Amino acid sequence: MHYYQHHIGDFIKATARLSDAQAMGYLRLLWMYYDSEKPLKSDTKILAFQIGATVEDTKLLLESFFVLCENGWHQTRCDKEIEDYREFLNKKSNAGKASAERRKNKSLTDVQQVFNSSATDEQLTTNQQPLTTNHNSVSKDTGDKPPLTPDEIIFGYGVPLLTNAGATDKSARSFLGSLRKAHGDETLVNTLRDCIRAKPIQPLEWLAKALPPDGIKPKLNKQESLEASNRAVVEKLLKKEGFV
């Protein structure tokens, strides 16, 4: 340990009858004890050499302030200080681990929970992980599996979403491919996420309206513009807080 509580009054009282050299020797014995966090060696000659004192003075100090046990010279106060210090380090370590665990699980945010609760068994394939994306369309995976690629997200979730609503596999893939070409991976992934949240009866029409295959969005009416504005504000706040 690199620090211990040195009670000056207690030390002065305990060493009042010692010479300056003996008091310094005692202090060095304490430093060795705390530094190693172990009892002092039982070999008096070695200890005398290490603290720069005579063997006689060292023996006197050990017999006066320490107790000889099987594993060396002990002092109750030193042992208590070391025990408290280790307990402090243990608590600090546990707090650090808990903090790291909270950061690790940050991907399980309110946004992801809302997304998970909004996705039905029919909308998600059984072997896929919940769809979450950031600006780079990379999933926040808390396990050992690699992040989902845009292909896995778009076709792994988009195709079942459309086929469960009546579209054929071929037409679903063709439709998603056209949206991808017109709007890019990031926009399509984010819109798929919004579509699964919204749970429309006809997801193909919903996606077509949100992302026209020709890349030109239709003009929104007043209500649609308000909803889009609200979504943008919420999305901005969530991104600012690091939730998406």
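Structure notes:
- Taken over the stretch 45-74, the criterion of being surrounded by 18 or more Cβ atoms within 10 Å (Cβ to Cβ) and among the polar types (S, T, N, Q) is satisfied by THR58 alone.
- Residue match in the stretch 145-153 (condition: at pLDDT below 85, more than 16 Å from LEU211 (Cβ to Cβ) and surrounded by fewer than 16 Cβ atoms within 10 Å (Cβ to Cβ)): yes
- Qualifying residue in the stretch 76-92 (condition: in a helix (DSSP H, G or I), aliphatic (A, V, I, L, M) and either farther than 28 Å from LYS13 by Cα or modelled with pLDDT under 90 (or both)): yes
- Selected residue (only one of ALA165, ALA232, ALA182, ALA228 is among the small types (Gly, Ala, Ser), part of a loop (DSSP other than H, G, I, E, B) and either touching a strand residue (DSSP E or B) at 6+ places or on another chain (Cβ under 8 Å) or at pLDDT below 90 (or both)): ALA165
- Of the residues contained in the stretch 196-212, one or more are found to be closer than 28 Å to ARG102 by Cβ and either among the aliphatic types (A, V, I, L, M) or modelled with pLDDT under 90 (or both).
- Filter result (part of a helix (DSSP H, G or I) and in contact with a Phe, Trp or Tyr (Cβ under 7 Å, 6 or more places away or on another chain)) within the stretch 15-63: TYR26, TYR34, LEU61, LEU62
The values are calculated or read from the model by the stated rules, or taken from the named source; none is laboratory data. On a predicted model such as this, the values are computed, not experimentally measured, just so you know. Every residue, glycine as well, gets a Cβ built from its backbone with ideal geometry; the counts of neighbours run over all protein chains shown.
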